[in-house]
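The values are calculated or read from the model by the stated rules, or taken from the named source; none is laboratory data. The model shown is predicted, which means the values in this text are computed figures rather than measured ones. All Cβ positions, even for glycine, are placed from backbone atoms using ideal geometry, and neighbour counts span all protein chains on display.
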Amino acid sequence: MAACYNKYFMNPTDEHTTAIALNGGMEVSAEVLSTLAEIGEEVNASLDLDEVLARSAALIKRHIDYEIFGVLMIEGDGSYLRHRFAIGYPRELADNLRVPLGQGITGTAAATGHSVRVSDTSKDTRYINAIDSVRSELAVPLMLHGKCVGVLDIQSRHLDYFTRDQQNILTLLASRLAVAIENARLFQKVRAQADTLLLLSEVGRETGAILEVEELLRRAAEQTKRVIDYQILSIMLYDEEQKIFRHRVDVKHGHRVQGKLRANASEGIVGAAATLKEPVVVPDVTVDPRYLMVNPETRSELAIPMMHKGKVIGVLDLESPQLNYFTEDHVQTLAILAANLAVSLENARLYEQLARDEARLERDLQAAKRIQGALLRPVPMEDFGLEMAARYLSAREVCGDLYEFLRYGPQQLGIALGDVSGKGTAAALYGAVAIGIMRSLAPQKLQPAEMLKQMNQLVGERRIEGRFMTACFATWQKGRQKLRVANAGQSQPLLYKEGRCGKIELTGFPLGIFEEVTYEEWSVTLESGNILVFHSDGIAETMNSEGQFFGTTRIMKLIEQHHEASATDIADVILREVDWFTQSAPLSDDRTLVVAKVR
């Protein structure tokens with residue numbers, strides 16, 4: 001018979017089990033042995049702990065007609081037993097009963113590592129009277145590698161109900177059941193960890209996509225609830241300037257509440273976590289001198305610092321009304337969550353800062369645009385014998401191109417068009433300086449070549465590395481209808497005269513590159529209907545989707561086709577055709593145009 005036990009149930013490494021089996025001397029029927037073998041197969045056939053315990057209870061019931069069945073596991077810090085599976089217990093009792101190790105029948109079995117059989121519970125001082133009708137009890141420890149992991153407990157309302165043979169059988173079963181339970185628990189733990197990691201990954205993706213701090217904090221509180229069933233949560237962010245933690249989110253039993261508005265950087269459990277830069281777990285806040293009582297119901301607390309690049313940017317703090325509520329698994333899980341949240345928070349902060357900076361920059365650029373618009377003088381209203389139009393379109397908020405009209409007197413007018421290297425604000429400021437220089441030279445009534453020469457000297461005195469400008473300057477004398485033109489690297493001006501449009505072949509060095517430069521000047525007498533066009537390279541060098549340039553030839557053909565139109569209409573036609581040519585694509589360069597038509 002001992003051989004049968006060895007064949008089906010005995011663990012050669014379990015001396016305690018072997019001794020019971022060999023020394024029991026009992027005769028067990030083939031049916032019982034078959035049941036024990038079946039139980040052994042059943043408990044090892046599944047990794048679902050609830051299924052293992054339910055099958056074990058049903059199979060044991062076939063041969064030991066118990067009335068109350070329970071499997072209690074050692075939990076918490078190893079100081080008490082709690083039901084993992086129960087039959088015959090009131091639900092509330094099974095859920096809430098905690099049996100300290102060393103107390104009661106089950107606590108004694110767990111503490112000693114030996115089974116305990118009580119024939120009359122009313123005469124045993126160890127018995128905890130949880131159910132009044134119980135009269136006998138059999139508690140068998142679940143031993144694994146010499147350590148008790150739980151207790152298999154059966155009870156009856158009859159005196160002296162359980163036999164020694166039943167005690168031996170359950171003891172043999174318990175060794176196998178302990179292994180099956182541990183395997184199932186390990187499997188559940190691994191599966192729970194995998195589920196948690198998947199959940200953390202999902203939470204990380206979701207929070208990482210939120211770029212608004214308040215929304216991120218609200219979602220973080222909701223997502224933390226999916227990871228751990230907390231009762232009280234606070235998310236505090238560190239104020240570097242004030243050296244304090246500011247409460248940004250406080251949730252109590254599922255509801256947002258108004259918590260402490262601020263906390264000193266070194267006070268309480270939160271301060272300890274921030275100072276140590278590591279999680280702080282307090283099983284019992286009443287015995288921790290660092291704890292500051294805010295919520296009277298709090299019994300345990302967990303504070304996780306949120307770190308970014310070695311700096312604490314905030315603390316995730318959870319509280320529970322239960323003692324020793326937070327486990328090592330909670331710490332590991334929340335540490336990962338806090339790390340992800342820290343990155344998301346920093347990204348959201350940077351995004352908000354960027355948004356504020358961009359809004360301020362946009363306001364500044366709009367102000368600069370208004371100032372530049374005011375700086376560019378409108379077309380003169382006086383009668384200089386010319387019909388004039390000026391247009392400029394900026395590729396950015398402000399324009400690097402410029403035009404200017406200088407009144408030399410009632411009969412003479414200076415006309416300029418320039419293009420500063422680069423684009424945007426820096427180019428616009430450089431252009432504003434050039435306009436200021438031209439206006440300062442205007443009282444001298446300089447002719448084109450001399451104007452560009454002196455401008456080059458003055459711009460050169462204010463040289464900025466990598467910056468220069470091209471310019472074309474002309475003077476018009478109404479009475480003599482005389483036009484003088486000089487060019488400093490600007491697109492060659494166009495002149496419509498005698499039925500055709502051509503370039504005024506003038507070149508020259510841009511302003512601000514070389515110190516001593518002279519410029520060539522060309523003059524011509526114009527007649528009624530002649531047209532002078534200054535244009536920036538942003539018009540001729542505009543490219544379409546096929547890589548073709550609009551080109552100067554197209555501009556000249558448009559002038560020839562519309563030479564009878566007004567200066568305003570000619571300017572509008574040219575810009576409209578350029579826009580059609582690019583299919584209204586965004587501007588890649590500033591477009592500036594001055595058209596002067598002799599009346």
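One table, with the values for the structure above:
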read-out: Conditions (1) part of a loop (DSSP other than H, G, I, E, B); (2) without any contact (Cβ under 8 Å) to a residue 24 or more places away in the chain; (3) not hydrophobic (A, V, I, L, M, F, W, C); number of the one not met by Pro443; value: (1)
read-out: Of residues in region 450-464 being under 53 Å from the mean Cα position of the chain (by Cα) and in a helix (DSSP H, G or I), the one surrounded by the most Cβ atoms within 10 Å (Cβ to Cβ); value: Asn456
read-out: Matching residues, region 150-184, being buried (at least 22 other Cβ atoms within 10 Å of the Cβ) and either acidic (Asp, Glu) or assigned to a strand (DSSP E or B) (or both); value: Gly150, Val151, Leu152, Asp153, Ile154, Gln155
read-out: Evaluation of Gly508 against (1) within 15 Å of Leu393 (Cβ to Cβ); (2) of a type outside the set (A, V, I, L, M); (3) surrounded by 17 or more Cβ atoms within 10 Å (Cβ to Cβ) (one fails), failing number; value: (1)
read-out: Residues (acidic (Asp, Glu) and at pLDDT below 90) located in region 66-90; value: Glu75, Asp77
read-out: Residues of region 91-109 that turn out to be touching a residue at least 24 places away in the same chain (Cβ under 8 Å) and farther than 15 Å from Leu138 by Cα, as a count; value: 5
read-out: Answer residue from region 571-599, given it is within 20 Å of Gly418 (Cα to Cα) and assigned to a helix (DSSP H, G or I) and is farthest from the chain's Cα centre (by Cα) among those; value: Ala571
read-out: Subset of region 81-117 [more than 11 Å from Asp153 (Cβ to Cβ), in contact with a Ser or Thr (Cβ under 9 Å, 6 or more places away or on another chain) and among the aliphatic types (A, V, I, L, M)]; value: Leu101
read-out: Inter-residue pairs, beta-carbon under 7 Å, first in the same structural domain as Asp50 (by TED's automatic domain parsing) and in region 154-183, second basic (Lys, Arg), 6+ apart; value: Ser156/Arg135; Arg157/Arg135; His158/Arg135; Leu159/Arg135; Phe162/Arg117; Gln167/Arg117
read-out: Selection count, region 112-127, where residues are without any contact (Cβ under 8 Å) to a residue 40 or more places away in the chain and surrounded by fewer than 15 Cβ atoms within 10 Å (Cβ to Cβ); value: 4
read-out: Matching option when the condition is in a loop (DSSP other than H, G, I, E, B), among the hydroxyl-bearing types (Ser, Thr, Tyr) and over 30 Å from Asp383 (Cα atoms), among Ser528, Ser545; value: Ser545
read-out: Qualifying residue in region 182-194 (condition: modelled with pLDDT of 80 or more and in contact with a strand residue (DSSP E or B) (Cβ under 7 Å, 6 or more places away or on another chain)); value: yes
read-out: Failed criterion for Leu334 (all others in (1) modelled with pLDDT of 85 or more; (2) in contact with a Ser or Thr (Cβ under 9 Å, 6 or more places away or on another chain); (3) buried (at least 22 other Cβ atoms within 10 Å of the Cβ) hold); value: (1)
read-out: Filtered residue count, region 129-161, keeping only those that are polar (S, T, N, Q) and either within 16 Å of Ser175 (Cα to Cα) or in contact with a strand residue (DSSP E or B) (Cβ under 6 Å, 6 or more places away or on another chain) (or both); value: 3
read-out: Of all residues making up region 447-475, the number that are in contact with a helix residue (DSSP H, G or I) (Cβ under 9 Å, 6 or more places away or on another chain) and touching a residue at least 12 places away in the same chain (Cβ under 8 Å); value: 16
read-out: Members of region 319-364 that are in contact (Cβ under 8 Å) with a residue 24 or more places away in the chain, part of a helix (DSSP H, G or I) and of a type in the set (S, T, N, Q); value: Thr333, Asn340, Ser344, Asn347
